[in-house]
Every structure is written in structure tokens, then in C-alpha cells.
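Take a look at the structure set out below.
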Amino acid sequence: MIINNIINIAEFRFPKPDFSTNYEIPPTPLPSPEFMNVPEIYNPIILCIILALTAFIFYKLRSRKIQIFLIFLVVIVFGFIKNGCLCSIGSIQTISLAIADKTYPVTISQILIFLIPIIAAIFWGRIFCGAACPIGGIQDILNYKNFRIPKPLHELLTLGPFFCLGFAVLYAALNIDFIICSHDPYVGIFRMTFAKGAFIATLIIILIGLVNARPYCKYMCPYGAILKVFSIFSSKPADIPIDKDCINCDFCKDVCPTNAIIPPNTKFEKHNISINRLKICLAISPGIIAIGLIFGLHIGKGLILKNPDVILFNNALPNNNIQILMNNAINAEKKIKIATMIFGLYLAAVIIIKLISLCKVRQNTTYIIDKLNCVCCSRCYKLCPKNQTKKV
Amino acid sequence: MMNQNNNTISRRNFFRKLIGSIILLCSGVLLWKKRETYQTVWQIDPNKCQNCGDCAVNCVMTPSAVKCFHLYATCGFCDFCSGYYQNNYIERNSAAENLRCPTNAIKRQFIDDPYFEYKIDQNLCIGCGRCAEACQAFGNGSLILQINQDICKQCNVCNIATLCKYDAIIKIDAKSPYLLPEKYL
């Protein structure tokens, strides 16, 4: 279709010359894309192998040293050689745009890159974050110490991944922007190029990462939010030999980058859920839903003006096609309104679920690992004094 | 007894997980099968492109991945090439004030009286589109702007595509990554 139309621009004002010499007209050199040399289906296979290696190192070898090797390998290969573009985090946007827009082309390897870490999370928890993710890896390397921030602030900030996920899906599904890619603070390091102002943001987040481990994983990563949800189904998190060997030294709790290790709670409580807090949560939940809806509609007003159909209708002069343009603009407006209302409800639901989960009282007599937050970095193995002897 | 119980539970759990992951995979395959799927690359649609020169500055690569391509089969091999010389040139030589290309990326070579071959040095070209504009206005239109797929990083969101005033940058099948008038090739 397109190629037939192109012929219009090439006009023969000057005829093809007859050369008296043996000159032959050379063909136009057309360099083929770089990535065509490596078939795309290799990428998910490489990802599978790396995930299997991570699971083996984390659950069987239980060795931080070997895992550090794997992390360096992943950061170099996926990060610096592939420019950070074997990215499960970014594939959220491709998938959500593909679901929303039926004509958007996706390849099977993009879908597999999105699904394989999720399937791994169903079986073994968030092992993708541990060593297979180049962004997680570079944060793991660029970390000196882990100072804790106050717990209420931490709990508030852990809503961040879910908010980022919501915004990323909303913007991608409406085909406005791929905000994960354009606001990723670490991809500038892999590519050695920085957009305007991105260098300062990257520098700040690296400096934070030096004193507070994995800030992007904990408070921003939208794919981490998905893996968190799916790792509910994983059978066991990292199994530190806790029962009788434990000497309550708290080393593992202090070194954990994501506050996933919960110390024993010796206080006796009647119920698993504190009833008073739950009552307050349920009482304020209608208010949160209402605020979410209002927020969604408010965002929708801004997004409607960015839609190309609406822009076209606003700028069009009255002509025969104005009715078609108006219908398109009205349809786009309806779609955006519904999408942003769902988005507002989603934000409200996230906040309410978080509040309800805070009502839970843990009654553990030993150290337990919260499998939703554990990123399988195997730092706790390294520091546990009882585990030292077992190490290979 | 205790052990056996544990085993059965874990087996049931395992099958549950297996079924869950198979459902996920099947939905992924459904998503894939329901549409025409192909690997895509960004390319300039020459019908819509107005050679405005925005690509030269907006691309994330420096110099831009947009380059000028010369279709030899369409070229008239003129002595006075409007893509090579300025409109108000002083003398027909390779002095910079006479040439249209700001980086001297077009190389001129004598072939046969009065014909000259023009060749584009892809390393020097910055994709400003001045030669393409002039050639399409006064000549055969053999110089056209295309994205050099060897240089293009294939960003998810192409910066020049979002900023293009004419919506000229589109996604096409990677198997035929250039949009050229094939009839003359």
C-alpha cells in the first residue's frame, strides 16, 4: 500500500543517462538492523537460563559470592551490551498497549519476557529481582550501607510501586507515553547518554542507593509490584535455618535491603488482626474511594487534551468532515474518562488493601521472611553466623 | 504420617501453580495469535516527510540516525546537482560556500562527460534534509531521508516520531526495513 504511494515523489525530470563507459549503476547501500543478526527468540531463552541459575544459586548453593558473579554478568550483558533493553519492567507497557490497541504488533518474545519472571515468581518468589534484573543488579553493586528510614515512611513509600504501575499502564494503554522508559533513572548509565536533567536525577538516586539499599526496587519498580502480587503463591521464601540454631543476633534483619525479615514478636495478643484498627480502616474506605474517583477524573481532564483526536478536532476549521472528527473526539473522550475512573478506583483499592494489611498482627516466635518483599539477594546467607559452616 | 501429609499438600500446591502458569502462558499466546505479529522498526514514510530537518536535532543519537540515502537508479547524474550545489553558488567547485551540504557528506565523482556520480558518506551525514529537499524540488527526487537501521537503537518510543509535525515516522515490518520507491531500484 505505502510503497505504491511513494512513487509519486520520484519524478523523472532528468532521464537516465546513457554512459559511453562501462559504468554500472551501483545499488543503494541499505544496512540491515543490528538486532536481526541475533534472532529475537533467543532473548527469552537467555532469560530462562539466568532465572534457573539464580534459583539454583539461591536455594541450593546458598552463596552470596557466586550470586555476585551472576549479578556482574547480568549487569554487563543485559545492561551494558544490550543497553538495558531486555527489559521485563518496560514490557508492562508493550503488553498493556497491545491489550488496549488491537492493531499494535507484539512479538511472542516480548510476551514471554513479560510472563517468564511472573511464572518464576509463582514457583520460587521474586528471584528475577535477585540476579536476573540489570537494574536490581546495579543497585546491588552500588550499595555501601543500609540505613533504615522510619517505618511509617517506609510503609507509605511502598505504595509507590503500585502507583507507578497504575500510571505506567494508564499512559501506555492510552498510547500517550511509555513513562517507565522515559523516566528510568538507571538506563542512562547503561547507555552512557543522559537526557536533559536526567543526569542529576540519576546521580541523586545513586547517592541514595549508596546508603539505602535498592531504592528503585523498594519504592518505584512497577514490575516489582506485579511480582509481589504473584509471589503470594510461591511456596517458601528463602529458608534460613531458624528453628533451633538461631541465636537472635539480628544480623539478617539489619542487612536485608527490603526489610523482609521480621523479628520474633514476643508480645501476646488475642487476635491475628487488631480489630480497632480494622474498624477505622473500613470506616474511612468510602472516603478513600471517593477521593480516588475525583483524582482519576481530574487526571482525565489533563489527558483528554493530549489525545491526538481531540487536538485535531479542536484545531480543525469547519468543513465536511467535521462531524467525523467530532465523533472520533467524543469516543476518545469517553474512553479516557472510563480509563481514568478505573485508575482512580485502582489507586483507592491499593491504599485500602495496604491499610488492611497493616492491621495484621504477626505472632511469630522465630524470624520469618516476608516472601512478598524478599528480593532473593542472599545477603542474609552471607551474614548469618550459623549458616557460615554450611556454605559451599 | 506427618511427612506424607506435607508431601501431598506440596504436590497439590505444585499442580495448582503449574495450572496457574499454564493459564498465564495460554493467555499470552492468545494475545499473540490474535493479531498480525512481526518485529517492527521505525522508518520515515517519504510521502509524508517534508525534509524539515527536525530529525537532525531530535534523535537521541548524535549525530542523528536519520541519514540521506541516494537512489542511484533514480538519479539523473547531472553536472549541476541541486542537492550538491547551493542555489546561489559562486563557482562550480567543492568550496564550502558553493555546497548545500553543511558537513560535506556528498562526494562527487566524474564518470562520463557530462555525468557525475554522487555518493553519500553516512558517517558525515547528519540528516538535515537540505539536499533531499532540493533534489525533490528541482531534480528526480533520488535523495531521500531514511532511518539508517544500523544506527537506530529502536527505542520503544521514538523521540523524532513523537515530535514530528507530519506524523511521518511509522513502525514497519523489520523484514523490509526501508520505505523506498521500489520500482526504480
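Worth pointing out:
- Filter pass, B:ASN140 being in contact with a helix residue (DSSP H, G or I) (Cβ under 7 Å, 6 or more places away or on another chain) and either at pLDDT 90 or above or assigned to a loop (DSSP other than H, G, I, E, B) (or both): no
- Any chance B:TYR178 is among the hydroxyl-bearing types (Ser, Thr, Tyr) and within 7 Å of another protein chain (Cβ to nearest Cβ): yes
- Test result for A:GLY292, within 32 Å of the chain's Cα centre (by Cα), under 21 Å from A:ILE351 (Cβ atoms) and assigned to a helix (DSSP H, G or I): yes
- Odd one out for B:ILE90 among (1) within 29 Å of the chain's Cα centre (by Cα); (2) without any contact (Cβ under 8 Å) to a residue 60 or more places away in the chain; (3) not in a helix (DSSP H, G or I): (1)
- No other residue among B:THR37, B:THR62 is polar (S, T, N, Q), under 30 Å from A:ILE116 (Cα atoms) and not in a helix (DSSP H, G or I) apart from B:THR37.
- Residue that is farthest from A:TYR23 (Cα to Cα), among those in the range B:65-85 that are over 11 Å from the mean Cα position of the chain (by Cα) and not in a loop (DSSP other than H, G, I, E, B): B:TYR85
- Qualifying residue in the range B:28-49 (condition: within 8 Å of another protein chain (Cβ to nearest Cβ) and of a type in the set (Phe, Trp, Tyr)): yes
- A single entry from B:CYS131, B:CYS68, B:CYS135, B:CYS75 fulfils the requirement of being modelled with pLDDT of 90 or more, within 12 Å of another protein chain (Cβ to nearest Cβ) and touching a Leu at 6+ places or on another chain (Cβ under 9 Å): B:CYS68.
- Test result for A:ASN22, exposed (fewer than 13 other Cβ atoms within 10 Å of the Cβ), over 31 Å from the mean Cα position of the chain (by Cα) and modelled with pLDDT of 80 or more: yes
- Enumeration of residues in the range B:97-117 that are outside any strand (DSSP E or B) and within 28 Å of the chain's Cα centre (by Cα): B:ARG100, B:CYS101, B:PRO102, B:THR103, B:ASN104, B:ALA105
- Unique match (being away from chain B (no Cβ under 14 Å) and either in contact with a strand residue (DSSP E or B) (Cβ under 7 Å, 6 or more places away or on another chain) or in contact (Cβ under 8 Å) with a residue 40 or more places away in the chain (or both)) among A:LEU61, A:LEU86: A:LEU61
- As a summary of the residue check, A:TYR104 satisfies the conditions (1) in contact with a helix residue (DSSP H, G or I) (Cβ under 6 Å, 6 or more places away or on another chain); (2) crowded, with 22+ Cβ neighbours inside 10 Å except for the one numbered (2).
- Remark: pairs (first residue in the range B:8-23, more than 7 Å from every other protein chain (Cβ to nearest Cβ) and more than 19 Å from A:PRO117 (Cβ to Cβ); second residue at pLDDT 85 or above and loosely packed, with under 12 Cβ neighbours inside 10 Å; Cβ separation under 6 Å; 6+ apart in sequence or on different chains) are absent.
- Condition check for B:ILE151 on (1) under 30 Å from A:LYS306 (Cα atoms); (2) in a loop (DSSP other than H, G, I, E, B): one failure, at (1).
- Lone qualifier among A:LEU317, A:LEU305 - being under 21 Å from A:ILE179 (Cα atoms) and at pLDDT below 90: A:LEU305
- The set of residues in the range B:40-55 that are surrounded by 17 or more Cβ atoms within 10 Å (Cβ to Cβ), in a loop (DSSP other than H, G, I, E, B), of a type outside the set (S, T, N, Q) and more than 11 Å from the chain's Cα centre (by Cα) comprises B:CYS49, B:GLY53.
- Scan of the range A:47-87 for residues that are modelled with pLDDT under 90, assigned to a helix (DSSP H, G or I) and over 19 Å from A:TYR381 (Cα atoms), ordered by number: A:VAL77, A:PHE78, A:GLY79, A:PHE80, A:ILE81
- Close contacts from the range A:380-392, counting a first residue that is closer than 16 Å to A:ILE66 by Cα and a second that is at pLDDT below 55, with Cβ to Cβ under 8 Å and a gap of 6+ residues or different chains, come to A:TYR381/A:LYS391.
- Selection status of A:ASN328, surrounded by 13 or more Cβ atoms within 10 Å (Cβ to Cβ), over 28 Å from A:CYS164 (Cβ atoms) and either out of contact with any strand residue (DSSP E or B) (no Cβ under 7 Å at 6 or more places or on another chain) or assigned by TED's automatic domain parsing to the domain that holds A:ALA225 (or both): yes
- When the range A:312-330 is filtered for residues that are of a type in the set (A, V, I, L, M, F, W, C) and in a loop (DSSP other than H, G, I, E, B), the ones remaining, listed by number, are A:ALA316, A:LEU317.
- Residues located in the range A:123-143, provided they are assigned to a helix (DSSP H, G or I) and surrounded by fewer than 21 Cβ atoms within 10 Å (Cβ to Cβ): A:PHE123, A:ILE141
- Candidates are the residues of the range A:331-340 that are aliphatic (A, V, I, L, M) and crowded, with 16+ Cβ neighbours inside 10 Å; the one that is nearest to the chain's Cα centre (by Cα) is A:ALA339.
- Qualifying residue in the range B:102-115 (condition: more than 30 Å from A:LYS16 (Cβ to Cβ), without any contact (Cβ under 8 Å) to a residue 40 or more places away in the chain, among the charged types (D, E, K, R) and more than 10 Å from chain A (Cβ to nearest Cβ)): no
The values are calculated or read from the model by the stated rules, or taken from the named source; none is laboratory data. Everything numeric here is computed off the predicted structure, so don't read it as measured data. Note that we place each Cβ from the backbone using ideal geometry, even for glycine, and neighbour counts take in every protein chain shown.
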